[in-house]
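Inspection log for the structure reproduced underneath, given as structure tokens.
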Amino acid sequence: MSMKFLTSCAAAFVFALCGTLRAATPAEGGDEYKVMLLGDLHFDEERFHSAPLEGWRIASHGRCYKMWESRSRELLAAASKVAAANDVAFAVQLGDFVNGDCDDPVLLRKMIRAGFPVVKKYFPDIPLLIVKGNHDIWTMKKVKNNAAANIALLPIISKELGSEVKGNGCYSFRRGADLYIAVDGFIKVEVIKEFVKTTLEKNPETRYVFFMSHLPLIPASLRYPFWLLPGHYEILEMLERRNALILAGHTHMTSYAFRRSAGGGITQLIVTSLGCDWDPGKPVPPKFDSWEKYTEASRKRAKAGYRYNSPEMWEPLEKSGTYTFRELSGSSGFAVLDVNAERVEVRYYTDDSGKPAAVLELLKGK
């Protein structure tokens with residue numbers, strides 16, 4: 001047997017093996033599956049900031065540098081083990097992938113491109129999708145630079161999704177009977193609403209609809225309760241006609257909310273993965289177990305005319321429906337959705353034991 005023949009056989013075997021091990025796209029697979037959910041990660045390194053840090057930037061970036069030295073990596077290692085043990089199909093990072101606030105668009109693009117392989121190495125065999133967050137588009141002093149973020153982020157999302165994402169950070173895909181919609185909350189509100197409306201119309205028959213946004217649609221933040229997705233009232237009305245679950249980040253507080261209105265009901269899950277609050281040995285208990293307790297604390301911070309929390313904003317919100325709210329944990333962590341015909345359940349993890357700190361049913365199957 002010739003060496004040339006053996007070499008070609010070995011090459012064929014490696015090619016076949018690589019084809020077998022190719023990670024499926026999020027759309028591929030059966031109707032029973034699990035999804036890893038990661039909240040805000042705020043990846044940051046000093047090399048992406050050429051100018052001296054001043055004022056609030058010192059504290060913001062100092063926090064991120066410190067948490068990425070160990071705690072963020074420990075959190076992701078714990079999430080990686082849970083993903084492998086539970087045969088997770090794909091992962092979704094719900095925005096603020098990087099801390100941003102770079103000195104120019106070039107450095108922002110470099111930050112995003114450098115951060116992705118750091119996180120992806122913890123999920124090498126499954127797709128890792130990203131939803132655009134406010135920090136992902138910020139250059140120095142919180143100046144928006146959506147174009148720079150798109151140049152870096154859209155090719156990454158396209159590769160992981162298995163289909164090209166064009167124009168902005170909005171995209172959708174089907175997983176069997178389920179529809180996933182991801183929106184870019186930092187473009188014109190008319191564009192966001194039209195994308196959601198058109199996508200729902202193109203997919204009239206679905207089992208579950210998973211709506212992925214960095215910004216919540218129902219207030220969940222203590223300091224900035226009305227920093228919500230533009231057009232949230234109209235989008236809520238669209239979604240509540242379907243068996244839908246909102247998945248969001250932004251608040252740095254993991255929570256569950258449910259809204260009931262004349263049009264139906266809708267559930268929202270917020271996930272935080274901020275590494276500075278990751279300490280498996282010292283779990284932080286949740287503060288709020290009801291909508292009343294949460295809104296009372298938030299209203300105390302309200303200021304007249306403030307765009308993210310003013311007294312006049314609360315009345316129209318509460319007239320639009322009734323609400324349930326529950327904080328799941330005060331600690332950083334990650335979550336796994338268990339999706340099947342009977343229900344959608346979330347398991348939320350706050351340590352590295354592999355055992356969930358909370359288990360909650362979010363949706364029932366039709």
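The values are calculated or read from the model by the stated rules, or taken from the named source; none is laboratory data. These figures come from a predicted structure and were not determined experimentally. For neighbour counting, all protein chains shown are included, and Cβ atoms are generated from backbone atoms with ideal geometry for every residue, glycine included.
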key: Selection count, region 300-335, where residues are of a type in the set (Asp, Glu) and either under 16 Å from MET253 (Cα atoms) or crowded, with 21+ Cβ neighbours inside 10 Å (or both)   = 1
note = Of the residues in region 165-183 that are within 23 Å of HIS232 (Cβ to Cβ) and touching a Lys or Arg at 6+ places or on another chain (Cβ under 6 Å), the one that is modelled with the lowest pLDDT is GLY169
inquiry  = Give all pairs with beta carbons closer than 6 Å in which a residue from region 187-210 that is among the polar types (S, T, N, Q) and assigned to a loop (DSSP other than H, G, I, E, B) meets a residue that is surrounded by 19 or more Cβ atoms within 10 Å (Cβ to Cβ) and at pLDDT 95 or above; count only pairs at least 6 apart in sequence or on separate chains.
reply    = ASN203/LEU179; THR206/LEU179
message = Take the conditions over 23 Å from MET212 (Cα atoms), modelled with pLDDT of 95 or more and touching a helix residue (DSSP H, G or I) at 6+ places or on another chain (Cβ under 9 Å) and apply them to PRO280. Does it pass?
response = no
key: All positions within region 211-229 that are in a loop (DSSP other than H, G, I, E, B) and under 21 Å from TYR180 (Cβ atoms)   = SER213, HIS214, LEU215, PRO216, LEU217, ILE218, ALA220, LEU228, LEU229
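Any idea which of LEU245, LEU269, LEU228, LEU239 is free of Cβ contacts under 8 Å to residues at least 24 places away in the same chain and under 20 Å from ASP184 (Cβ atoms)?
Numbers: LEU245 fails: free of Cβ contacts under 8 Å to residues at least 24 places away in the same chain; LEU269 fails: free of Cβ contacts under 8 Å to residues at least 24 places away in the same chain; LEU239 fails: free of Cβ contacts under 8 Å to residues at least 24 places away in the same chain.
Being free of Cβ contacts under 8 Å to residues at least 24 places away in the same chain and under 20 Å from ASP184 (Cβ atoms) holds for just one of LEU245, LEU269, LEU228, LEU239, which is LEU228.
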task = Return the pairs, sorted by first residue and then second, in which the second residue is acidic (Asp, Glu) and surrounded by fewer than 19 Cβ atoms within 10 Å (Cβ to Cβ), the first residue lies in region 321-348 and is within 23 Å of SER261 (Cα to Cα) and in contact (Cβ under 8 Å) with a residue 40 or more places away in the chain, the beta carbons are less than 6 Å apart, and the residues are 6+ apart or on different chains.
result = ARG326/ASP289
key: Looking only at region 39-72, and only at residues there that are crowded, with 17+ Cβ neighbours inside 10 Å and aromatic (Phe, Trp, Tyr), the one that is nearest to SER331 (Cα to Cα)   = TRP68
message = I'd like the full set of residues that are touching a Ser or Thr at 6+ places or on another chain (Cβ under 6 Å) and assigned to a strand (DSSP E or B), limited to region 262-279.
response = ILE270
query = Can you pull out the residues in region 75-105 that are in contact with a helix residue (DSSP H, G or I) (Cβ under 8 Å, 6 or more places away or on another chain) and part of a loop (DSSP other than H, G, I, E, B)?
reply = VAL88, GLY95, ASP96, PHE97, ASN99, GLY100, ASP101, ASP103, ASP104
request  = Of the numbered conditions (1) farther than 27 Å from GLU234 by Cβ; (2) surrounded by 13 or more Cβ atoms within 10 Å (Cβ to Cβ); (3) modelled with pLDDT under 95, ASP338 fails exactly one; give the number of that condition.
outcome  = (3)
